[in-house]
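Remarks on the structure that follows.
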Ligand code: CP
Ligand code: NVA
């Protein structure tokens, strides 16, 4: 079975380091591998996307491949035919498959049955490419620190779960400021806590989460597929907004991150998002570099 990236814990810590090394070298244009030369790569989207779609299509082209954009209107994954059959058919045409969809089990099903690598471009459970890129971005901005204190404020969602997955592999202090019933996946929390080198805190006090933090991170309060819950979530999460007064409680050289798209004025203020500590557009750029590194890594293993 080929290697796939369904979630960060599909990798070892050494493999994450290898991907970061490839990413840094490709970003600096020290290397320009073309492992997808002569191959087509499906980019399947059953949810909206700006960054993931464009960065994957550009990245696939830069690695020599041809991206094929597919929406669920055409393939109706798991409805017209089983995931297993779709995986086996697609494998006969393609060199790799990237997919963004709702159910994480659909991505795992593709990875089980496909004979080409699968890359998860976001599910309801996790968004591995985002957090690998974000950690890489943090290392660029805070090169002298290690075991970052990362404060995530807001909804316990696919982004939070992916930070927890990273904490299973890489030592970080990950503090989650959220409401009682917006907490991340309990199994993923337990797995992260099993890494004794990381420290996990879940609190309903935003100040406790942020005190002395190196990284302040937030995401929309209602994710794709949950927008109908927005008002309910907003009531519970509004005290976790990243604004200037909260930022003052972080480390003086703290960076502010957001995976984007942002709902400005809700989970983050304009002042912070456009302020000097914000690295949100570096994160967006690094999606391209990290995904290229992931695709090179999967092509080699
Ligand atoms: N951050 C991110 O994945 O953005 P898109 O939803 O626009 O792809
Ligand atoms: N949690 C958000 C992330 C978007 C990149 C969502 O799933 O909609």
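Looking at segment 119-130, can you tell me whether even one residue there is out of contact with any helix residue (DSSP H, G or I) (no Cβ under 8 Å at 6 or more places or on another chain) and modelled with pLDDT of 95 or more? No; the residues of segment 119-130 include none that is out of contact with any helix residue (DSSP H, G or I) (no Cβ under 8 Å at 6 or more places or on another chain) and modelled with pLDDT of 95 or more.
In this structure, does residue 151 turn out to be in contact with a strand residue (DSSP E or B) (Cβ under 8 Å, 6 or more places away or on another chain) and either within 16 Å of ligand 1 (Cβ to nearest atom) or assigned to a helix (DSSP H, G or I) (or both)?
Working: in contact with a strand residue (DSSP E or B) (Cβ under 8 Å, 6 or more places away or on another chain): yes; either within 16 Å of ligand 1 (Cβ to nearest atom) or assigned to a helix (DSSP H, G or I) (or both): no.
No: the conditions fail for residue 151.
Counting the residues of segment 232-265 that are away from ligand 1 (no atom under 16 Å from the Cβ) and either over 20 Å from residue 173 (Cβ atoms) or buried (at least 17 other Cβ atoms within 10 Å of the Cβ) (or both) gives 22. Reported count of residues in segment 96-110, each being farther than 22 Å from residue 51 by Cβ and in contact with a helix residue (DSSP H, G or I) (Cβ under 8 Å, 6 or more places away or on another chain), is 1.
The set of residues in segment 45-95 being touching a helix residue (DSSP H, G or I) at 6+ places or on another chain (Cβ under 8 Å), within 16 Å of ligand 1 (Cβ to nearest atom) and in contact (Cβ under 8 Å) with a residue 40 or more places away in the chain consists of 45, 46, 51, 52, 55, 56, 58, 59, 60. Hey, can you tell me all the residues within segment 2-31 that are part of a loop (DSSP other than H, G, I, E, B) and either within 15 Å of residue 291 (Cβ to Cβ) or touching a residue at least 60 places away in the same chain (Cβ under 8 Å) (or both)? Of everything in segment 2-31, those that are part of a loop (DSSP other than H, G, I, E, B) and either within 15 Å of residue 291 (Cβ to Cβ) or touching a residue at least 60 places away in the same chain (Cβ under 8 Å) (or both) turn out to be 2, 3, 4, 6, 7, 11, 12. Looking at segment 116-134, which of its residues are more than 11 Å from ligand 1 (Cβ to nearest atom) and either surrounded by fewer than 23 Cβ atoms within 10 Å (Cβ to Cβ) or assigned to a loop (DSSP other than H, G, I, E, B) (or both)? Selection gives 116, 117, 123, 124, 125, 126.
Scanning segment 198-231 for residues that are surrounded by 19 or more Cβ atoms within 10 Å (Cβ to Cβ) and within 16 Å of ligand 2 (Cβ to nearest atom) gives 217, 218, 219, 220, 221, 222.
The values are calculated or read from the model by the stated rules, or taken from the named source; none is laboratory data. All of these numbers come straight from a predicted model, not from anything done at the bench. Heads up, the Cβs are rebuilt from the backbone with ideal geometry, glycines too, and the neighbour counts pull from every protein chain shown.
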